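Chemist: Please read through the structure below; I'll follow up with questions.
Where a number appears in this text, it was derived from the coordinates with a stated rule and is not lab data. Please read these numbers as outputs of a predicted model, since none were measured by experiment. We place every Cβ from the backbone using ideal geometry, glycine too, and count neighbours over all the protein chains shown.
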């Protein structure tokens, strides 16, 4: 079999790389090799444990490939010969290619130092429909669930399991859940909401061991010796890049195990690209290597790779990971972009912060109106926005994207202050007290001192 462009991996990054590539180079043949029989919406996975009835409601339809004129092969790539430009599969096929995009994703991290991870009913959250269906079925018979890890996956899965009546405890080593994405005041508010919903939190202490009887988990022991009874344990301790295929082909990895790429998402081989969780990332502001894995970041990288497959464009590059996060706990949404105040100060940036709390509809007496708080992290010498955080109603998810765009374009608070916006009573904060602009206004007052 021959194809012009071969994409290995059929999740978010692989899909977008193929779609954008086909759009840019319509005369080329594109083939996607996907290991899994079905592709899940990756960010929707936590919600199959509560809000959605099953994983069948979290699928990306395969019809998108036919519509775009892209060939989908459900098979596993087992080796890549870069010299001959051939990919071999578990099904016995050999696929010749001219360009290659590696989008092999990531795998849940299982710490070797934690005893008991092999026990029955100790689960991770993989991006595998069959595995998730099995996990969901087993969790249905469990009443007490302990989640080790208070990042986004841990919090979202825990909240969803609680919706189904589970007794859930989150164990987080950091002082606060979501502590890497948000500053203390935002993380603490998220904790207040979770505890008000009945979820127990153990922060500032890690798990020491998972214990069981007859091969099945019964308890999680914390580092301080406290036991927590458990019928099931969720390991939500991050993910690691799937790079064994690339490494075996001779492509260099960085010190964190990601495939090395340039700003065009090219690997060391000029005709081979890597995107998504398996690809190297650098923080947009600090320029340091980053472990952040987000579907939104993956698709941004994929757009860059897809458009640069045959002709490089200096205006289509990936300049670093901004780390734009959002989540919702109950009716409150949280968003973060760029550096937190704590991270900026730790890195040595001379920053100050401003914030403003308003309401996301006007007047605030409208049904469904929700308080909306915006915090900006600003470089003192220039007024350039380095980070931002939002909490409020559903519109917080889009508002943090605007802040992310401001960071990416190195906008100053003056640019935000003079920005033109559109408002509507049912959809936005009032034009007289738009929290984002009011936070920028407060920053200008601070800079004039």
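Chemist: Quick check: Cα centre of region 366-392 to Cα centre of region 47-125, how many Å?
Modeler: 37 Å
Chemist: Can you tell me how much longer the chain between residue 216 and residue 427 gets when fully stretched, taken as 0.36 nm per residue apart minus their C-alpha distance, in nm with one decimal? Don't skip to the end; give the middle numbers.
Modeler: Numbers: separation 211, 0.36 × 211 = 75.96 nm, distance 4.98 nm.
Answer, rounded to one decimal: 71.0 nm.
Chemist: Springs between alpha-carbon atoms under 10 Å, Gaussian network over the chain: tell me which of 313, 54, 323 tops the mean-square fluctuations.
Modeler: 313
Chemist: If I take R0 = 60 Å and measure r between the Cβ atoms of residue 380 and residue 64 in this structure, what FRET efficiency does the formula 1/(1 + (r/R0)^6) give, to the nearest 0.05?
Modeler: For residue 380 and residue 64, the calculated efficiency is 0.80.
Chemist: Could you work out the relative contact order of region 8-144? I mean the mean sequence separation of Cα pairs under 8 Å and 6+ apart, divided by the number of residues, in percent.
Modeler: Averaging sequence separation for qualifying contacts and normalising by length gives 26 percent for region 8-144.
Chemist: Can you give the FRET efficiency for residue 52 and residue 173, using 1/(1 + (r/R0)^6), R0 = 35 Å, r = Cβ-Cβ distance, to the nearest 0.05?
Modeler: 0.75
Chemist: Something else now. To the nearest 0.05, what FRET efficiency results for residue 224 and residue 345 with a Förster distance of 41 Å applied to their C-beta separation?
Modeler: 0.90
Chemist: Here is a further query. Give the residues of region 228-242 whose amide nitrogen is closer than 14 Å to a point set 7 Å from the Cα of residue 143 in the direction of its Cβ.
Modeler: 229-232
Chemist: Now for a different question. Before rounding to the nearest 500, sum -39500 (n - 2.57) across all DSSP H runs of length at least 4 in the chain and divide by the residue total; then give [θ] at 222 nm in deg cm²/dmol.
Modeler: One gets -7500 deg cm²/dmol as the mean residue ellipticity at 222 nm.
Chemist: Just checking my list (1) 4, 13, 11, 8, 7, 6, 6, 6, 5, 5, 5, 5, 6, 7, 5, 2, 0; (2) 4, 21, 31, 27, 14, 3, 0; (3) 4, 19, 26, 26, 18, 5, 0, 0 against P(r) over Cα pairs in 10 Å bins from 0, in percent computed from this structure; which label fits?
Modeler: Of the labelled values, this structure produces (3).
Chemist: Given springs between every Cα pair under 10 Å in a Gaussian network model of the chain, which of 411, 265, 237 has the largest fluctuation?
Modeler: 411
Chemist: Run the numbers on the chain and let me know its relative contact order in percent, using alpha-carbon pairs under 8 Å that are six or more apart. Display every interim value, and only then the final one.
Modeler: Working: 1008 pairs, mean separation 59.8, N = 449.
In percent, rounded to a whole number, it is 13.
Chemist: Comparing 93, 231, 27, which has the greatest mean-square fluctuation in the GNM of the chain with Cα pairs linked when under 10 Å apart?
Modeler: With Cα springs under 10 Å in the chain, the top fluctuation among 93, 231, 27 is at 27.
Chemist: Then there is this: If packing is taken as the average number of other Cβ atoms within 10 Å across a peptide's residues, how do 417-425, 4-12 rank, most packed first?
Modeler: 4-12, 417-425
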